[in-house]
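The values are calculated or read from the model by the stated rules, or taken from the named source; none is laboratory data. Please read all numbers here as calculations on a predicted model, not as lab measurements. Cβ: placed from backbone, ideal geometry, glycine included. Neighbour counts: every protein chain shown.
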Amino acid sequence: MTSRRRASSRATWKWPVRRGLLAAAGIAALLRLASLSREPAQPPRAADPTAVHRVVDGDTLLMATGTRVRLLGVDCPEVRHAEAPAEPWADEATAFTRQAIGDRPVRFEYDRERLDRYGRLLAWVWIDDRLLNVELVRAGLGRAEVRYPIRTDYRRRLEQAQAEAEQAGRGMWSEPRQADLRADGPPPIVRRSSEASGTARRSGGH
């Protein structure tokens with residue numbers, strides 16, 4: 001009888017201890033989740049396919065929601081505005097993007113910065129397995145642009161695509177316009193330092 005009481009007493013004592021340990025483990029898990037929520041989020045993967053409402057210019061898309069999407073890593077010539085005529089190759093860049101997309105849905109992939117200073121969504125634009133941002137640079141219809149912090153592997157692809165376009169003399173790198181672009185335009189690969197110089201960019205499609 002005494003042994004049964006002792007066993008019962010030990011069991012009664014162990015249960016609160018176990019409950020306490022489980023509660024402590026649960027609290028630790030919650031604290032871990034809270035700390036993870038404060039850690040920088042990783043760039044999300046490519047989103048579900050979505051339709052483009054209108055191609056504004058070579059590097060800007062308009063969605064049905066009214067959101068403007070600015071292609072990361074590429075700087076296409078400006079289309080015509082009320083205060084300025086279209087830059088060379090602007091129409092060709094717009095036509096290239098319009099033809100590349102057609103009526104196909106696109107997928108957006110985001111990087112570390114989601115919005116530019118004009119409130120436009122910054123994205124890598126995938127058409128099936130083609131990255132439109134790189135294709136524009138490879139066609140010579142946009143300069144590789146590293147204004148924003150971007151993925152290292154995509155940066156390399158952009159720089160390689162531009163070197164290929166320059167060597168082949170495609171688009172804006174063809175004669176006789178090439179000399180004018182090199183003499184009067186921004187550096188072949190646009191970097192953040194050009195923005196820091198105080199040069200203002202228009203908020204239209206660029």
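Values as computed for the structure displayed
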| quantity | calculated |
| --- | --- |
| Matching residues in region 57-66 - criterion: being in contact with a Gly (Cβ under 9 Å, 6 or more places away or on another chain) and of a type in the set (S, T, N, Q) | T60 |
| Count - residues of region 85-117 that are of a type in the set (G, A, S) and touching a residue at least 12 places away in the same chain (Cβ under 8 Å) | 3 |
| Looking only at region 93-108, and only at residues there that are surrounded by fewer than 17 Cβ atoms within 10 Å (Cβ to Cβ) and over 19 Å from the mean Cα position of the chain (by Cα), the one that is farthest from L72 (Cα to Cα) | D103 |
| Breaking point among (1) at pLDDT 95 or above; (2) exposed (fewer than 14 other Cβ atoms within 10 Å of the Cβ); (3) assigned to a loop (DSSP other than H, G, I, E, B), for V52 | (2) |
| Positions within region 130-150 being among the charged types (D, E, K, R), outside any helix (DSSP H, G or I) and modelled with pLDDT of 95 or more, in sequence order | R130, R143 |
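Residues checked against (1) within 25 Å of T152 (Cβ to Cβ); (2) touching a Phe, Trp or Tyr at 6+ places or on another chain (Cβ under 6 Å); (3) outside any strand (DSSP E or B):
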position	(1), (2), (3)
A86	no, no, yes
E92	no, no, yes
A95	no, no, yes
R98	no, no, yes
D103	no, no, yes
F108	yes, no, no
R112	yes, no, yes
R117	yes, no, yes
W124	yes, no, no
